[in-house]
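All of the numbers you see were taken from the coordinates with simple rules; none came from a lab. This is a predicted model, so every value here is computed, not measured. In this analysis, Cβ positions are derived from the backbone assuming ideal geometry, glycine residues included, and neighbour counts consider all displayed protein chains.
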Amino acid sequence: MTKVRGLLIHPGQVDEIASRHPMIGRYQVLVTRLEHKDEMTFRVELKEEISHIETLKGEIERSIRDVMKLRGDIEFVPKGTIPEGAKKIVDQRIWE
């Protein structure tokens, strides 16, 4: 589990969000820190290209709010970017 903006998120939540969208292949949440604020990015590899990418982005954003009670950015990445067996949540925050 990882704490983001005061709320705990866990890998099961990441799986639940992805399961709501069958066109998602691999996925991963990156947690970073910018100007003393937590940032969350849901990285997505699609199984195949789709024409309605902005619609899907909005649907995934809603799923994140429903499941994690947080707002997060969506980043579509090329196939092969997220390694097989990669961690579901990667915390890249640097505490100074």
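Quick test of your reading of the structure: residue 49 fulfils all but one of (1) farther than 23 Å from residue 8 by Cα; (2) in contact (Cβ under 8 Å) with a residue 12 or more places away in the chain. Name the failing condition by number.
Against the list (1) farther than 23 Å from residue 8 by Cα; (2) in contact (Cβ under 8 Å) with a residue 12 or more places away in the chain, residue 49 comes up short only on (2).
Suppose we filter 71, 33, 43, 65 for residues that are in contact (Cβ under 8 Å) with a residue 60 or more places away in the chain, within 20 Å of residue 1 (Cα to Cα) and not aliphatic (A, V, I, L, M); which single one remains?
The unique qualifying residue is 33.
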